[in-house]
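*Asks:* Could you have a look at this structure, given as structure tokens, before my questions?
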Amino acid sequence: MSIILDHVTYTYSEKTAYEIKALDDVSLSIKDGEFIGIIGHTGSGKSTLVQHLNGLLRATSGTIYYNGQDIYDKDFNLKNMRTKVGMVFQYPEHQLFETTVFEDVKYGPKNQGLSDKEATNRAYDALADVNFPDEYFDQSPFELSGGQKRRAAIAGVLAMEPEVLILDEPTAGLDPKGQRDILNLIRRMHESSGRTIILVSHSMEDVAEYVDRIIVMDEGRVFLDGAPDYVFSHTDLLEEKGLAVPQVTYLMEELRAKGIPIEGQPTTLEMAEKEILRLHKAGVF
Amino acid sequence: MFREITLGQYYPADSVLHRLDPRVKLFATLIYIIVLFIAEKPIPFLVITAALIAVIVMSKVPFSYMVRGLRGIVMLLVIAGVFNLFMTPGIVVYKIGPFEISDIGLKNAIIMVVRMVYLIIGTSLMTLTTTPNQLTDGLERSLRPLSRLGAPVHEISMMMSIALRFIPILVEETDKIMKAQMARGADFESGGLITRAKAMVPILVPLFVSAFRRASDLAMAMEARCYHGGEGRTKMKPLTYKASDRVAYVLIMAFLVAVAVLSLI
Amino acid sequence: MKSMINAKQLTHEFFRRDEEGNVEGISVALDHVDLDVAPGAFIAILGHNGSGKSTLAKHINALLTPSEGTLLVDGMDVSDPERTLSIRESAGMVFQNPDNQIIATVVEEDVGFGPENMGIPTDEIWQRVESALKGVGMWKYREHSPNRLSGGQKQRVAIAGVMAMEPKCIILDEPTAMLDPGGRAEVLQVAHELNRKKGITIILITHYMEEVVDADYVYVMEKGHIIMDGTPREIFSRVDDLIAHRLTVPQITLLAHRLKAAGLDIPEGILTREELIKALCP
């Protein structure tokens, strides 16, 4: 299960005065089971990029291969692929429409051509996966709290049992409690099913803590790509683009500048704590 | 990019026509439509053509923008023209197989087509040189006498300007919801009419929910900013007549009289 | 000194209704809240969704009225319908969703909307619009359509729209919840500037801990109650309490807290990196 982007370019309003290259010659390879974070500020092309991964947008030039098959080939079944590469949009609760949560979650599986019984089983599993409380299954999705609506909407995508799950800023607009819950949920989904997860986020602290690989987008190009400690060792480059590194990474760099022998590139609270305690034991602090 | 869609297609430029009071332009458009339907003979049409050309030149709007409005109605024009051409009885002037063209048919067809084309060009001139806001302001002021009779003129114009602000937002939202449902395997393209209509439900329901949520948010935001109807409100951009507007009124009346007189003799 | 906002035992209840509209029960959104804000202060109200913080904000703007207790805004009682418009003129409100509070299709016309409603003469409206847009750094966008602005810019326009009404106090109800980090910084900077330069009382309602670090005073709400209040430093010294209420503590404060627990000699209530570095390497 891999996705390969080969020199993909996407241009809005081509050949007009408004022409914008939202993606500019992007080549990427996403392997099975990876947990990837995509960061970049608004307009950097990150949302456009993820919409290409499941064929919702069609590249102006370049090719995308899903498990080795060219997705723009006329024999390729795009509709089928969209259910394999699940996409949770920003504010996904805005797509809820059925009379009950349960029926809404069944919408995806039914579109896949599954029987009512199979769709029901899928919906049960998906709602259980997002810790959705049973007593609200038959509630109208419009009467739920913000965090529950979001879970129901994510379950709606999970119920299609996608091999790859893309989430575009899944925590936007939730309170901190809700944000934490959703991120932990996503981590658990990655750990238990091993499916590929692509998380679009604004929060450096969140991606540092959760993902294995970070792709930084800027002006439609891949600007940096690598493990969190690699990406966040480029503080100057990131700041030039108006981005930042996690607070603890700044702290450790400032300590290093003061001559303290920090080892490695701590990017999370736990890593920083461990390093400072190590130095404390060594008698530095 | 759905944001490119704008209602009424305003063309920004600095011309005499752009600077005219929207009330004058609304009045002129009304007179122009009346005149188009009074005129039947060649001479009045020549006067109208001359006036139209003069106004087009004054507007500084590229002619291609006005012709764009015609594209949508080409079929309608052809059908209406052909009907008039072949179906009107009278002295036969030309024969193609079983089809006969009469003198009156020819005349009617020409008048019909010219009227339609002139109508589209003339009205698009108004929307191209007036911003949607000026248009609603102009309407509100022109219809103000009706509010004394109890018509909700202020409310209607407020509704129009809010609609102008939210149409692009809702269009974009529709696009977003469609994509989200497509990502859940929805298919909007295949199947018969009923299947397709059913497929629209997952788009329409969220769209209505969102529109209502926005409406209630907006109502609260307006209240918070002291909105309490049209009473006691002042205007940031009040409409006031300038000398050029008065001249324009005179010219419009002169134009109406000229065409009316020429049509009678 | 006269207070800008004074709440005594402020309570707001609303009826929960079933599908037929029968009353099922009563929910208490605000439960005997006491609050006092001095003119020119910058205060923050923290809490989760459903903690009652937005309900409180709507009372200050007279969009809701108390079921019990009193709330005075600039000396005016919000329960007095005669004063509603005056209260809204002295305490303006900025909402969460940037799109749903901009009324006009041109930036400057939107900023003029409030003054128009107040019946301000045309010349003065223009002066107010100019000074408000310059105050939030959006003057050069005055002829733009709001649809083409970024989230942070839209919120600045919304703030200018309130500023043009020349209020004494601005309530910002989660103004950054839907923005990216850049937009969040823009909005906070503008709020602090208005507070410092023009002496406008600011009430910032948020669920981001990082945003309250520079406030004069912080209230933490839960289930309609104020559960903590104090200066940011006092609040951040109570890390265990904050975590118990599942509020997120800024990364640096949390790190300092954990290091202290592990035996390092670090004071409580560390707010910035500089403070932590100073504590580590004196």
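The values are calculated or read from the model by the stated rules, or taken from the named source; none is laboratory data. The model shown is predicted, which means the values in this text are computed figures rather than measured ones. FYI the Cβ positions are ideal-geometry reconstructions off the backbone, even for glycines, and counts take in every protein chain you see.
*Asks:* Taking A:Pro141 as meeting all but one of (1) more than 30 Å from C:Asp18 (Cα to Cα); (2) in contact with a helix residue (DSSP H, G or I) (Cβ under 6 Å, 6 or more places away or on another chain); (3) of a type outside the set (Ser, Thr, Tyr), write down the number of the exception.
*Replies:* Answer for A:Pro141: the failing condition is (1).
*Asks:* Restrict the check to region A:264-280 and report whether at least one residue is buried (at least 16 other Cβ atoms within 10 Å of the Cβ), of a type in the set (A, V, I, L, M), more than 11 Å from chain C (Cβ to nearest Cβ) and closer than 26 Å to C:Thr248 by Cβ.
*Replies:* The answer is no, given that none of the residues of region A:264-280 is buried (at least 16 other Cβ atoms within 10 Å of the Cβ), of a type in the set (A, V, I, L, M), more than 11 Å from chain C (Cβ to nearest Cβ) and closer than 26 Å to C:Thr248 by Cβ.
*Asks:* Collect the residues in region B:175-200 that are surrounded by fewer than 17 Cβ atoms within 10 Å (Cβ to Cβ), without any contact (Cβ under 8 Å) to a residue 40 or more places away in the chain and more than 7 Å from every other protein chain (Cβ to nearest Cβ), keeping them in residue-number order.
*Replies:* If the condition is that a residue be surrounded by fewer than 17 Cβ atoms within 10 Å (Cβ to Cβ), without any contact (Cβ under 8 Å) to a residue 40 or more places away in the chain and more than 7 Å from every other protein chain (Cβ to nearest Cβ), then B:Phe188, B:Glu189, B:Ser190, B:Gly191, B:Gly192, B:Leu193, B:Ile194, B:Thr195, B:Arg196, B:Ala197, B:Lys198, B:Met200 are the ones that fit.
*Asks:* A follow-up question, please. Considering C:Ala215, C:Ala191, C:Ala185, which residue is part of a helix (DSSP H, G or I) and under 14 Å from the mean Cα position of the chain (by Cα)?
*Replies:* C:Ala191
*Asks:* Then there's this: Output the number of the condition that C:Ile227 fails; it satisfies all remaining conditions of (1) closer than 30 Å to C:Gly135 by Cβ; (2) assigned to a strand (DSSP E or B).
*Replies:* Among (1) closer than 30 Å to C:Gly135 by Cβ; (2) assigned to a strand (DSSP E or B), C:Ile227 violates only (1).
*Asks:* Would you mind telling me which numbered condition in (1) within 14 Å of chain A (Cβ to nearest Cβ); (2) on the phi > 0 side of the Ramachandran plot C:Arg17 fails?
*Replies:* (2)
*Asks:* Please verify whether C:Val111 is more than 27 Å from C:Ser3 (Cβ to Cβ), touching a residue at least 40 places away in the same chain (Cβ under 8 Å) and more than 7 Å from every other protein chain (Cβ to nearest Cβ), treating the condition exactly as stated.
*Replies:* Numbers: more than 27 Å from C:Ser3 (Cβ to Cβ): yes; touching a residue at least 40 places away in the same chain (Cβ under 8 Å): yes; more than 7 Å from every other protein chain (Cβ to nearest Cβ): yes.
The answer is yes for C:Val111.
*Asks:* If you take the residues of region A:177-209 that are in a helix (DSSP H, G or I), more than 14 Å from every other protein chain (Cβ to nearest Cβ) and in contact with a helix residue (DSSP H, G or I) (Cβ under 9 Å, 6 or more places away or on another chain), which of them is surrounded by the fewest Cβ atoms within 10 Å (Cβ to Cβ)? Break it down into steps so the answer makes sense when it comes.
*Replies:* So in region A:177-209, the residues in a helix (DSSP H, G or I) come out as A:177-193, A:204-209.
Next, only the ones that are more than 14 Å from every other protein chain (Cβ to nearest Cβ) stay: A:185-193.
Going one step further and asking which of them are in contact with a helix residue (DSSP H, G or I) (Cβ under 9 Å, 6 or more places away or on another chain), we end up with A:185-190, A:192-193.
Working: A:Leu185: 17, A:Ile186: 22, A:Arg187: 16, A:Arg188: 13, A:Met189: 19, A:His190: 20, A:Ser192: 9, A:Ser193: 16.
Filtering region A:177-209 for residues that are in a helix (DSSP H, G or I), more than 14 Å from every other protein chain (Cβ to nearest Cβ) and in contact with a helix residue (DSSP H, G or I) (Cβ under 9 Å, 6 or more places away or on another chain), the one surrounded by the fewest Cβ atoms within 10 Å (Cβ to Cβ) comes out as A:Ser192.
*Asks:* Return a yes/no flag: does region A:98-115 have any residue that is β-branched (Val, Ile, Thr), out of contact with any helix residue (DSSP H, G or I) (no Cβ under 8 Å at 6 or more places or on another chain), farther than 16 Å from A:Ala126 by Cα and at pLDDT 95 or above. Spell out how you get there, then give the answer.
*Replies:* Step one: of region A:98-115, the residues β-branched (Val, Ile, Thr) are A:99-101, A:105.
If we keep only those that are out of contact with any helix residue (DSSP H, G or I) (no Cβ under 8 Å at 6 or more places or on another chain) as well, we get A:99.
Keeping just the survivors that are farther than 16 Å from A:Ala126 by Cα gives A:99.
Then drop every residue that is not at pLDDT 95 or above, which leaves none.
Within region A:98-115, not a single residue is β-branched (Val, Ile, Thr), out of contact with any helix residue (DSSP H, G or I) (no Cβ under 8 Å at 6 or more places or on another chain), farther than 16 Å from A:Ala126 by Cα and at pLDDT 95 or above.
*Asks:* Also: Give me the pairs, please: first residue somewhere in region B:201-215 and more than 10 Å from chain A (Cβ to nearest Cβ), second residue anywhere and in a helix (DSSP H, G or I), beta-carbon distance under 7 Å, and either six or more positions apart or on two chains.
*Replies:* Pairs that qualify, where the first residue is more than 10 Å from chain A (Cβ to nearest Cβ) and the partner is in a helix (DSSP H, G or I), are B:Ala211/B:Leu170; B:Arg214/B:Phe166; B:Arg214/C:Asn100.
*Asks:* If only one of C:Leu71, C:Leu46, C:Leu56, C:Leu64 is within 20 Å of A:Gly146 (Cα to Cα), touching a residue at least 40 places away in the same chain (Cβ under 8 Å) and in contact with a His (Cβ under 7 Å, 6 or more places away or on another chain), which one is it?
*Replies:* Working: C:Leu71 fails: within 20 Å of A:Gly146 (Cα to Cα); C:Leu56 fails: in contact with a His (Cβ under 7 Å, 6 or more places away or on another chain); C:Leu64 fails: within 20 Å of A:Gly146 (Cα to Cα).
Within the list C:Leu71, C:Leu46, C:Leu56, C:Leu64, the selection yields C:Leu46.
*Asks:* From (1) surrounded by fewer than 20 Cβ atoms within 10 Å (Cβ to Cβ); (2) farther than 18 Å from A:Val216 by Cβ, pick out the condition that doesn't hold for A:Leu28.
*Replies:* With (1) surrounded by fewer than 20 Cβ atoms within 10 Å (Cβ to Cβ); (2) farther than 18 Å from A:Val216 by Cβ applied to A:Leu28, the lone miss is (2).
*Asks:* Can C:Ile235 be described as in a strand (DSSP E or B), more than 13 Å from the chain's Cα centre (by Cα), more than 14 Å from every other protein chain (Cβ to nearest Cβ) and crowded, with 19+ Cβ neighbours inside 10 Å?
*Replies:* Considered against the rule, which asks whether it is in a strand (DSSP E or B), more than 13 Å from the chain's Cα centre (by Cα), more than 14 Å from every other protein chain (Cβ to nearest Cβ) and crowded, with 19+ Cβ neighbours inside 10 Å, C:Ile235 comes out as no.
*Asks:* Another one. State all residues of region C:126-151 that are crowded, with 24+ Cβ neighbours inside 10 Å and more than 14 Å from chain B (Cβ to nearest Cβ); if no residue qualifies, say none.
*Replies:* Hit for region C:126-151 is C:Val136, nothing else.
*Asks:* Would you check which residues across region B:121-154 are free of Cβ contacts under 8 Å to residues at least 24 places away in the same chain and acidic (Asp, Glu) and list them?
*Replies:* Passing the criteria: only B:Glu140.
*Asks:* Within region C:251-282, restricting attention to residues that are polar (S, T, N, Q) and not in a loop (DSSP other than H, G, I, E, B), which residue is nearest to C:Val213 (Cα to Cα)?
*Replies:* Filtering region C:251-282 for residues that are polar (S, T, N, Q) and not in a loop (DSSP other than H, G, I, E, B), the one nearest to C:Val213 (Cα to Cα) comes out as C:Thr253.
*Asks:* What number of residues within region C:164-183 satisfy the criterion of being of a type in the set (A, V, I, L, M), more than 8 Å from every other protein chain (Cβ to nearest Cβ) and under 27 Å from C:Gly52 (Cβ atoms)?
*Replies:* 4
*Asks:* Looking at (1) in contact with a strand residue (DSSP E or B) (Cβ under 6 Å, 6 or more places away or on another chain); (2) crowded, with 20+ Cβ neighbours inside 10 Å; (3) not aromatic (Phe, Trp, Tyr), which is the one condition that is false for A:Arg221?
*Replies:* The failed condition is (2).
*Asks:* Among (1) away from chain B (no Cβ under 14 Å); (2) out of contact with any Lys or Arg (no Cβ under 9 Å at 6 or more places or on another chain); (3) touching a residue at least 12 places away in the same chain (Cβ under 8 Å), where does A:Ala126 come up short?
*Replies:* Result: A:Ala126 fails condition (1) only.
*Asks:* For region A:229-244, which residues satisfy the criterion of being surrounded by fewer than 23 Cβ atoms within 10 Å (Cβ to Cβ), hydrophobic (A, V, I, L, M, F, W, C) and away from chain C (no Cβ under 11 Å)?
*Replies:* A:Leu237, A:Leu238
*Asks:* Given the conditions (1) under 23 Å from the mean Cα position of the chain (by Cα); (2) among the β-branched types (Val, Ile, Thr); (3) at the interface with chain C (Cβ under 7 Å from one of its Cβ atoms), report the number of the one that B:Ile252 does not fulfil.
*Replies:* (3)
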